[in-house]
Amino acid sequence: MSINITFPDGAVKSFDAPPTGLAIAQGISPGLAKKAALVSVNGELWDLTRPIETDAAISIVTRDKPEALETIRHDAAHVLAQAVQELFPGTQITFGPSTDVGFYYDFARAEPFSEDDLGAIETRMRDIVKRDLPIRREVWPREEVIQFFEKSGETFKAEWVTEGIKPNEEITIYRQGDTWLDMCRGPHLPSTGKLGSAFKLTKVSGAYWRGDANNAQLQRIYGVAFASDDELKAYLKMMEEAEKRDHRKIARALDLFHQQEEAPGMVFWHPRGWAIWQAVEQYVRGVYRRSGYAEVRGPQIMDVSLWKKSGHWDNYQENMFFTESEKRTYALKPMNCPGHVQIYNANLHSYRDLPIRYGEFGGCHRNEPSGGLHGIMRVRAFTQDDGHIFCTEAQIEHEVTAFHVQAMKVYADFGFTDLSIKIALRPDKRIGAEEVWDRAEEALRAALRSAGVEWGELPGEGAFYGPKIEYHLRDSIGRSWQVGTMQVDFMMPERLGATYIDEASARRHPVMLHRAIVGSMERFIGILIEHHAGAMPVWLAPVQAVVAPIVSDADSYAVEVKEALIAANLRVETDLRNEKINYKIREHSMQKVPVIVVVGRREAEEKTVTLRRLGSERQETLSLADAVAQLASEARAPG
């Protein structure tokens, strides 16, 4: 029986025996075979050495293609694991997936790894690459895998197979050379030499077996990997810049906020940091007002019976905080949506009332793992610019399209113009019928089509109650951040009894749209700090101007200038210290104050001021009235 292979150009070739991707590549040209990394078989990536046993459409994937990058990173994780076990005998391997920019592997070892170990491990990884060990795929029976790992002292692997893989199920094993192997679905490159040199180990952290804090603690080694050395260098340069922009360091230098062990994952906002918060909040409040949202406020804690009805108890319980009083159990809200349904339900609604839009700067608490906390980017207590729209199914497209236009303006106003949009589709753990999910997902696609927007799709990454549009913005050094969302929810209104009276006087459940533009206020402010490296535009700066007299004779005029600027709604300070003006300018420049207003005897006599901008040596002398008008205009939030 011959095997018919269809090529990308439509040509078909028959083989008397099952060919491998490598044999097909060699048949086309030795050069292609040398560059080949994988073969795509009916749209699925396979190892080059795996026989193709049925008719198939194939294409050869070379190492420089984007499709090969995840496999390169996954191979790096396997090479890392082999290097660790060669250097530290007795270390157990667990799991090692690829990530967005690299890979990690979790190890069980009595003695902790240190950052100092990374250099030796990376050197051994490069040695394994240099050996160019063949990587071979094998299929083993489940019982044979269990016996092998138990005999080898790999208790974690044995446990995973015993508990996580069905009886009689075959398992794929990948060998690197003759002595090292790992259990893996694959695919992998044909040899370790194909990995190349564009990888680097970055850090060591703690982890838990199977992600459960009740299980054994493991050690995780992270790395980054790319297809080329130039891409690695560019990434490392970006990370070097990111280190300088770390919002935690800038917050300490500029006295914006702090965090401490007594309140893990929570924030103590200082006056200057809170000024930035208020600038963001008041801007978003203006967006609410102009877009027809009524601002509301719900309770922080509610009885668990409500969370059971909403579906959070069954699908989100592990992320929630609970408390008790008078023999009743309450939950701190992880989301604002059930509370907004209660506000909606407090009155009777007609179809003529819809859409109804609620907005809230809602405080939420989520029980994030301590290992995942990161400054104000990942916290346990946070505030969302949260909004919910109750509408009919026919109104979804208009509301989503209007939200998209609104969101794009907001991001531009904050300085973000490079965005990508994705639809996160139904996850494995979800509520509702498949037909309902079909309608919800298609409603989002239709709205983006109507808005003339291109998007990507993320299978399995939607919320448990509905799919969502995600807005991913790129910052000034090229990093991508997921911020705003728009989610279509057919389920929660029904579960919580939300209804309206339709044209036929019948009760119907509205559709609930969950929307946020900046998302977590804490996280968004962290992104802003890093995007601007602490040097906020005038309208966001915690101190928008400092009035600095050159001589003490001008102190009273400096106070007069400050009062005039405050009357124009600017955030202003004076620096009346007996210091030289260059010292004052340098110090306030380090504090990222956007404008320094310099005054001396001459300015006091002529009622003028000299403006000096952050990052510029140029000075501008204006009348006090003109300076106040100009700075007031610059300090006004976009609208």
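Cross-link partners of LYS409 among lysines, defined as those whose alpha carbon lies under 21 angstrom from its own and excluding same-chain residues fewer than eight positions apart: LYS422, LYS468.
Rounded to the nearest 20 debye, what is the charge dipole size of the chain about its Cα centre when +1 sits on each Lys and Arg Cβ and -1 on each Asp and Glu Cβ?
Working: 77 positive and 91 negative charges, 186 e Å.
Charge dipole, the chain, about its Cα centre: 900 debye, nearest 20.
Here each label is just a point 7 Å from Cα along the line to Cβ, and for GLU143 and GLN282 those points are 7.4 nm apart.
Ranked from highest to lowest mean number of other Cβ atoms within 10 Å per residue, what is the order of the peptides 151-159, 247-255?
Numbers: 151-159: 15.9, 247-255: 17.7.
Highest mean packing first, the order is 247-255, 151-159.
Using the Cβ of ARG601 as centre and a radius below 13 Å, the other residues enclosed give a net charge of -3, where K and R count +1 and D and E count -1. Given R0 = 25 Å, the distance between the Cβ atoms of GLU605 and ALA629 translates into a calculated FRET efficiency of 0.75.
Taking Cα pairs under 8 Å and at least six residues apart, what relative contact order does segment 220-329 come out at, in percent? Value for segment 220-329: 11 percent. Here's the list of lysines a cross-link from LYS34 could span, going by alpha-carbon distance under 20 Å and ignoring same-chain residues fewer than 8 apart: LYS65, LYS130, LYS194. In the chain, the longest principal axis of the Cα atoms and the axis of helix 69-87 are about 70 degrees apart. Listed by chain and number, the aspartates and glutamates whose C-alpha is less than 16 Å from the C-alpha of LYS584, apart from same-chain residues fewer than 8 away, are ASP555, GLU573, ASP575, GLU617. Charging the Cβ of each Asp and Glu at -1 and of each Lys and Arg at +1, and nothing else, the dipole of segment 3-62 about its Cα centre rounds to 260 debye. Amide H contacts of GLU461 (H built 1.01 Å from N, in plane; Pro and chain starts excluded): LEU425 sit under 5 Å, all sequence-distant by 5 or more or on other chains.
For segment 312-317, putting each phi into the Karplus relation 6.51 cos²θ - 1.76 cosθ + 1.60 with θ = phi - 60° gives couplings of 5, 4, 7, 10, 9, 4 Hz, in residue order, rounded to whole numbers and with x for Gly and Pro. Cβ-to-Cβ counts within 10 Å put LYS333, LYS562, LYS130 in ascending order as LYS130, LYS562, LYS333, the fewest first. Take every pair of alpha-carbon atoms less than 8 Å apart whose residues are at least six positions apart; their mean separation over the length of the chain yields a relative contact order of 9 percent.
Distance from the alpha carbon centroid of segment 420-468 to that of segment 204-261 works out to 30 angstrom. Where only DSSP H runs of four or more residues are counted, the chain gives -10500 deg cm²/dmol as its mean residue ellipticity at 222 nm, each run worth -39500 (n - 2.57). From least to most packed, judged by other beta carbons within 10 angstrom and beginning with the fewest, SER325, SER197, SER98 follow the order SER325, SER197, SER98. With a Förster radius of 35 Å applied to the beta-carbon distance between ARG297 and ASN367, the computed FRET efficiency rounds to 0.90.
Once the Cα atoms are used to define both axes, helix 142-151 deviates from the longest principal axis of the chain by about 80 degrees. Sorting the segments 294-304, 604-614 by their residues' average number of neighbouring beta-carbon atoms within 10 angstrom, most packed first, yields 604-614, 294-304.
Return, ordered by residue number, the residues of segment 480-523 whose backbone nitrogen is under 19 Å from a label point located 7 Å along Cα→Cβ of GLU434. In segment 480-523, the label zone of GLU434 (backbone N under 19 Å from the point 7 Å along Cα→Cβ) covers 490-491. Subtracting the Cα-Cα distance of ILE165 and ALA57 from 0.36 nm times their residue separation leaves 35.8 nm of extension gain. Averaging Cα coordinates gives a centre for segment 85-123 and one for segment 577-614; these two points are 54 Å apart. Counted over segment 252-531, the DSSP beta bridges are approximately 90% antiparallel.
Sorted by average packing, counted as other Cβ atoms within 10 angstrom per residue and highest first, what order do 405-412, 73-80 take?
Details: 405-412: 16.5, 73-80: 26.5.
Those peptides, ordered most packed to least, come out 73-80, 405-412.
For the pair segment 474-504 and segment 324-370, the centres of their Cα atoms are 14 angstrom apart. Going by neighbour counts of Cβ atoms within 10 Å, the residues ASP9, ASP489, ASP230, ASP626 line up, fewest first, as ASP9, ASP230, ASP626, ASP489.
Rounded to the nearest 0.05, what FRET efficiency do ASP229 and TRP313 have when you use their Cβ-Cβ distance and R0 = 45 Å? Efficiency for this residue pair is about 0.35.
Rule-based calculations on the coordinates, nothing more; no lab input. This is a predicted model, so every value here is computed, not measured. Because the Cβ atoms are built from the backbone with ideal geometry, glycine has one as well, and the counts that use them run over all protein chains shown.
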